[in-house]
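Following: one structure in structure tokens, then a few remarks.
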Amino acid sequence: MTATAKTTHGSGAMVKAEAVHKSFGAAHVLKGIDLEVAPREVFCLIGPSGSGKSTFLRCINHLEQVSAGRLYVDGELVGYRQKGDKLYELRDSEVALKRRDIGMVFQRFNLFPHMTAIENIMEAPMQVRREPKAVARARAEKLLDRVGLADKANGYPSQLSGGQQQRVAIARALAMEPKLMLFDEPTSALDPELVGDVLDVMRDLAESGMTMIVVTHEMGFAREVGDALVFMDDGVVVESGHPRDVLTNPQHERTKSFLSKVL
Ligand SMILES: Nc1ncnc2c1ncn2[C@@H]1O[C@H](COP(=O)(O)OP(=O)(O)O)[C@@H](O)[C@H]1O
Ligand SMILES: [Mg+2]
């Protein structure tokens, strides 16, 4: 990173990646990713296992630092702050602050097992934002209702199905009022009959205008809800475009071969 690099970027994109590389030791996992996610866009990311999808999401969310290139979220360079014309790596506390603006939902639900559904949703606003309990509870109730689980407020994760747990996990992420939501294969661990309810919640969220990056194998969701679709393989963007175009008329052999396995 050069000392004169700008930390802000006026393109108006919610996420902008410019030649993003990531290596783990000798393993070169992201090999120059360029992409742009507009505000309110549902941006779907597909690709074979090991292609770097999760790593890319983790870079956006400050869980990994890029090795080269630039990554901006909402106009700000991820991981750095500018003072004069010098760049400084953000301290952990500053990283934590930035991460609050980004909600992440993983394949596994990662709910706190000793807390009820509503307590899971109230936890971060109370602990991180020091919100009064009544305020956190009121919002959590609304969110539970929004994900169709108003009647499960006092259930513990072990008493909920996988699909219900994932919907609580989405509500928990929304409780921090993020400006961007990242989904990493949110339905991959679910029994097939539970997938639809989770996708419905995501569709509703998309309609509300949330900016979403969704790593998924649900091509129906990508086609119906996605505004953009990127096919990644081996750390590069192979092909991108409108989901309908990429899914019905892929241009590259690697895309065709992948789609023939998942469609
Ligand atoms: N922390 C890490 N240390 C070393 N290698 C990693 C680490 N995280 C991911 N990788 C490697 O990076 C590659 C891409 O992984 P990942 O981003 O999880 O791919 P995907 O989500 O597309 O399946 C894999 O080969 C994986 O083993
Ligand atoms: Mg992954």
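So in the chain, what percent of DSSP beta bridges are antiparallel if you round to the nearest 5?
Within the chain, antiparallel bridges account for around 60 percent of the total.
On each of the three principal axes of the Cα atoms of the stretch 147-263, give max minus min coordinate, whole Å, ordered largest first.
If we take the Cα atoms of the stretch 147-263, the spans are 50, 29, 24 Å.
Which far-off residues, 5 or more places away or on another chain, put their amide H under 5 Å from the one on Val42, with H placed in the peptide plane?
Counting only residues 5 or more places away or on other chains, the set is Met212, Asp227, Ala228.
Which whole-Hz couplings ³J(HN,Hα) result when phi for each residue of the stretch 37-47 is put into the Karplus expression 6.51 cos²θ - 1.76 cosθ + 1.60, θ = phi - 60°, listed in order with x for Gly and Pro?
10, 7, x, 6, 7, 9, 10, 9, 10, 10, x
Report the Cα-based extents of the chain along its three principal axes, largest first, to the nearest Å.
Result, largest extent first: 50, 49, 33 Å.
Can you tell me which of 221-228, 61-68 comes out highest on packing, and rank the rest after it, using the mean Cβ neighbours within 10 Å?
221-228, 61-68
Each residue of the stretch 124-141 in turn: what ³J(HN,Hα) in whole Hz from Karplus with 6.51, -1.76, 1.60 and θ = phi - 60°, glycine and Pro shown as x?
Using θ = phi - 60°, the values come out as 5, x, 6, 6, 8, 9, 6, 7, x, 4, 5, 5, 4, 5, 4, 5, 4, 5 Hz.
Given H placed 1.01 Å from N in the peptide plane, which residues other than close sequence neighbours of Leu180 have an amide H under 5 Å from its amide H?
Placed amide hydrogens put Gly103 under 5 Å from Leu180.
Report the FRET efficiency, 1/(1 + (r/R0)^6), for Asp92 and Asp204, where r is their Cβ-Cβ distance and R0 is 30 Å, rounded to 0.05.
Plugging the Cβ-Cβ distance into 1/(1 + (r/R0)^6) gives 0.30.
Which net charge results for the neighbourhood of Val66, defined as the other residues with beta-carbon distances under 13 angstrom from its beta-carbon, given Lys and Arg at +1 and Asp and Glu at -1?
It works out to a net charge of +1.
Under the rule of at least 5 residues apart or a separate chain, name every residue whose amide H is placed under 5 Å from the amide H of His28.
Here the answer is none, since no amide H 5 or more places off falls under 5 Å of that of His28.
So, counting K/R as plus one and D/E as minus one, what does the shell of residues with Cβ under 15 Å around Asp234 add up to?
For residues surrounding Asp234, the net value is +1.
Just how many % of Cα pairs in the stretch 1-124 lie over 20 Å apart, if you round to the nearest whole percent?
50
Report ³J(HN,Hα) in whole Hz for each residue of the stretch 157-174, in order, from the Karplus equation J = 6.51 cos²θ - 1.76 cosθ + 1.60 where θ = phi - 60°; Gly and Pro get x.
3J(HN,Hα) across the stretch 157-174, in whole Hz: x, 5, 9, 10, 6, x, x, 5, 4, 5, 5, 5, 4, 5, 4, 5, 5, 5.
Quote the charge dipole size of the stretch 68-199 about the Cα centre in Debye, to the nearest 20; the model charges only the Cβ of Lys and Arg (+1) and of Asp and Glu (-1).
I would put it at about 540 debye.
Just so you know, all these numbers are worked out from the coordinates, no wet-lab data involved. Here the structure is a predicted model, which is why all the values come from computation and not from measurement. Reconstructed Cβ throughout: ideal geometry from the backbone, glycine too, with neighbour counts over all protein chains shown.
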